[in-house]
Amino acid sequence: MQGEVQKVKIGGFKREGRGKRKQNLAESTLIKGGIMAEKLAINGGERLISEGFIKPWPPIDEIDRKYVLESLQQTNHAFGPNCRAFEKEFAQWNGNKYAITTNSGTAALHMAVAACDCSAGDQVIVPAYSWSSSATCVLHHNCIPVFVDIDFDTMNIDTKKIEDAITEKTKAIIVVHLHGLAVNMDEVLKIAKKYHLKVIEDCCQAHGAEFKGKKVGLWGDCAAFSFNQNKCLCSGEGGMLVTDNEEIYKKALMLWSFGETRTPFEKRDYHAYALGWMYRNNDLTAAFGRAQLTKLDRYLEIQKQNASALTEELKGTKGLILPYEPENHKHNWYNYTIRLVPEEFGWKGNLQKFRNAVMKAIQAEGANVSVWQNFILPRMTVFQAKNAYGNGCPWSCQYSKPVTYDPDAYIVAQRHTDTHFGMTEPLRAPNGPEVAVMVGKAIKKVINNIDSLDIEKLGSN
Ligand SMILES: *Cc1c(COP(=O)(O)O)cnc(C)c1O
């Protein structure tokens with residue numbers, strides 16, 4: 001083979017054989033197993049993905065401009081015609097009877113807790129790994145979150161552990177369809193039925209995700225969606241409560257607008273009939289949301305194709321656990337989350353250190369991957385210090401029963417937190433499979449050259 005020109009494909013670039021390789025000697029040398037060792041960007045090598053190659057989310061086009069400008073030109077900027085139309089169109093898109101547009105997903109979650117008749121001191125079951133507001137929305141209503149560990153493969157609440165967390169105080173279960181993978185709702189509903197519990201779906205990441213061919217947001221008593229910057233439908237900020245239950249719809253409306261028990265179309269008497277917040281949406285945001293909704297199905301299709309391309313590229317890579325889509329589930333690929341297995345690289349130290357070092361090296365190659373949550377929920381100070389409303393409330397409220405938040409009781413969630421990294425933008429429109437493939441190559445470049453990483457130094461935050 002000596003002297004023959006070999007084409008060696010590394011990291012998406014073709015390099016010519018011997019002569020050329022000599023020039024690149026500083027950059028790449030042949031190591032055991034025939035893998036080319038390359039100088040990682042974090043160690044001063046060339047980055048694999050150039051600046052600007054990965055396009056930001058969301059794409060904005062003429063449709064967005066048309067909707068938003070039309071909203072600007074009319075005169076009702078609070079709860080205006082676009083808000084009403086957004087509710088109708090989103091309910092239709094998801095298949096729900098009722099929808100209420102809100103200024104955040106967290107607002108919709110709080111409304112859901114209130115609308116499910118949770119009262120001071122009642123307990124609500126929440127997964128130990130999620131966004132903080134999946135659990136703090138419970139506190140907002142003076143109720144007590146009770147955490148359940150997650151299932152490692154799906155990253156969702158471990159349905160087998162829910163029953164152990166139920167007490168005579170339990171009123172509801174909040175399931176989070178994390179990263180766009182639906183929870184097994186058959187199992188949740190079986191438990192809810194047995195103990196007469198309400199089920200709230202946190203669909204903030206799960207637009208269009210399905211279980212057994214039925215969309216999320218159609219399974220529980222009510223559900224909350226988010227339209228924040230990073231979500232699969234982005235209107236800047238915003239959210240939506242959806243339900244098929246008229247009574248829940250009406251109770252949610254009360255909290256939504258100052259405790260007034262009227263819809264915006266009825267005559268107001270400006271009377272607070274109950275405790276309320278101001279969770280209404282504004283017309284401009286709703287117009288943006290409507291415009292994005294016209295494109296949502298296409299965007300979700302793109303995410304799915306990009307996720308497949310990335311899986312194809314990464315399949316079989318040492319030390320990586322790729323996301324899992326069980327049978328009967330349709331993932332929406334909100335966040336493509338990978339877990340590292342540090343043990344496979346002989347690492348016996350701190351797991352987060354290893355993950356941080358690998359992640360920083362991938363970022364240096366130009367792939368915007370990130371840690372989604374550095375803390376499991378029970379480890380967060382608000383729960384450890386029980387410092388929600390002062391004076392220990394709501395935990396010290398006379399209607400509450402003592403609960404403990406021992407972070408060591410959630411070892412699966414902790415292992416996941418410590419070893420994961422994920423991504424949203426690279427797999428979103430307008431990026432195509434070629435972007436997903438390059439991100440995969442960046443990850444493999446780091447994995448193949450992991451011995452050159454100074455993990456102790458890079459891994460410290
Ligand atoms: C984003 C998110 C929320 C909160 O939505 P906001 O619109 O930011 O208030 C709640 N739960 C989960 C799982 C989320 O990802």
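The values are calculated or read from the model by the stated rules, or taken from the named source; none is laboratory data. Source: prediction; values computed, not measured. Positions of Cβ are backbone-derived with ideal geometry, glycine not excepted, and every protein chain shown enters the neighbour counts. Note: areas computed on protein heavy atoms with side chains; ligands, DNA, RNA excluded. Shrake-Rupley method; radii C 1.70, N 1.55, O 1.52, S 1.80 Å.
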Being loosely packed, with under 15 Cβ neighbours inside 10 Å and not basic (Lys, Arg) narrows it down to one residue among 402, 378; which is it?
402
Let me confirm something: among 424, 381, which residue is among the β-branched types (Val, Ile, Thr) and under 18 Å from the mean Cα position of the chain (by Cα)?
424
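Look through 190, 169 and report the one residue that is farther than 14 Å from residue 329 by Cα, open to solvent by 20 Å² or more (accessible area, probe 1.4 Å) and without any contact (Cβ under 8 Å) to a residue 12 or more places away in the chain.
The match here is 190.
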Residues being within 14 Å of the ligand (Cβ to nearest atom) and either part of a loop (DSSP other than H, G, I, E, B) or free of Cβ contacts under 8 Å to residues at least 60 places away in the same chain (or both) - total across segment 221-252:
12
Within the group 360, 348, 318, which residue is open to solvent by 40 Å² or more (accessible area, probe 1.4 Å), under 22 Å from the mean Cα position of the chain (by Cα) and not β-branched (Val, Ile, Thr)?
360
Of all helices (runs of 4 or more DSSP H) fully inside segment 377-461, the set with 1 or more residues that are at pLDDT below 95 is 455-459
Of all residues in segment 211-230, which are of a type outside the set (Ser, Thr, Tyr) and buried (at least 24 other Cβ atoms within 10 Å of the Cβ)?
216, 217, 220, 222, 223, 224, 225, 227
Output the residue which, of all residues in segment 198-210 that are more than 10 Å from the ligand (Cβ to nearest atom) and charged (D, E, K, R), is most open to solvent (accessible area, probe 1.4 Å).
198
For residues that are closer than 21 Å to residue 205 by Cα and among the polar types (S, T, N, Q), scanning just segment 420-461, find the one that is surrounded by the most Cβ atoms within 10 Å (Cβ to Cβ).
424
